[in-house]
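The values are calculated or read from the model by the stated rules, or taken from the named source; none is laboratory data. These numbers come from a predicted model, not from an experiment. Neighbour counts run over all protein chains shown; Cβ positions are idealised from the backbone, glycine included.
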Amino acid sequence: MVLFSVDTIIQLIIFILPAYVANAAPVFFGKATSKIPLDLKRRFIDRRRLFGGGKTWPGFFLGILAGLVAATITSQFVSIYPSKRMHIFVGLLLAIGTMCGDALGSFVKRRINIKHGKPAFLLDQLPFFLLAIAFTYPWKPEILDLAGFAFLLVLTLVLHAGTNILAHRVGLKKVPW
């Protein structure tokens, strides 16, 4: 029994691609994003940094811009929406949701005293994915039903692990997570 057609898998990947690109952009452009901390070095009521030094304003906006560019490019070739504008709009929301989710994951890690650069299985992968989906839910394509969501969730976990290991091996990341 086949759960998904090749066409459905391609459409799901096209849908989530802006989120993946947004999530990877700050790592890929590393040095260009290491200037102004997202939390401006402010501390929460627990006296820990809000997000830590790994989240920066340049990285946040570069991630959003990269996701928007990915959506704009894919919309020129194929669209899973009635219009290119809708495709680009949803891609922008995916990118914004991704970057907010990544910051949320960092915020939670700081609250439970996981230091910057230390791994936290699922907290490193899920918040960016879940907020990206939440930000776009009202405009989700028909293919994103429960099975589509589950497929993308598993794909995200696998790709996140693989791309982090690759980024570490080529020197883009100090740690493989």
Would a scan of segment 42-56 turn up a residue that is assigned to a helix (DSSP H, G or I) and surrounded by 18 or more Cβ atoms within 10 Å (Cβ to Cβ)?
-> no
Give the number of residues within segment 82-114 that are on the phi < 0 side of the Ramachandran plot and outside any helix (DSSP H, G or I).
-> 4
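Quick one: in segment 58-81, of everything that is over 11 Å from Trp139 (Cβ atoms) and not in a helix (DSSP H, G or I), which residue is modelled with the highest pLDDT?
Val78
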Residues being without any contact (Cβ under 8 Å) to a residue 40 or more places away in the chain and surrounded by 15 or more Cβ atoms within 10 Å (Cβ to Cβ) - total across segment 165-177 = 1
Filtered residues of segment 115-157 (kept if in contact with a helix residue (DSSP H, G or I) (Cβ under 6 Å, 6 or more places away or on another chain) and in a loop (DSSP other than H, G, I, E, B)) = Ala120, Leu123, Gln125, Pro141, Ile143
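Say whether the condition of being farther than 30 Å from Phe4 by Cα and either out of contact with any Phe, Trp or Tyr (no Cβ under 6 Å at 6 or more places or on another chain) or surrounded by fewer than 17 Cβ atoms within 10 Å (Cβ to Cβ) (or both) is met by at least one residue in segment 120-142. Working first, answer last.
Looking only at segment 120-142, we keep the residues that are farther than 30 Å from Phe4 by Cα, and these are 120.
Restricting the remaining residues to those that are either out of contact with any Phe, Trp or Tyr (no Cβ under 6 Å at 6 or more places or on another chain) or surrounded by fewer than 17 Cβ atoms within 10 Å (Cβ to Cβ) (or both) gives 120.
Checked against the condition, which is being farther than 30 Å from Phe4 by Cα and either out of contact with any Phe, Trp or Tyr (no Cβ under 6 Å at 6 or more places or on another chain) or surrounded by fewer than 17 Cβ atoms within 10 Å (Cβ to Cβ) (or both), segment 120-142 yields at least one hit.
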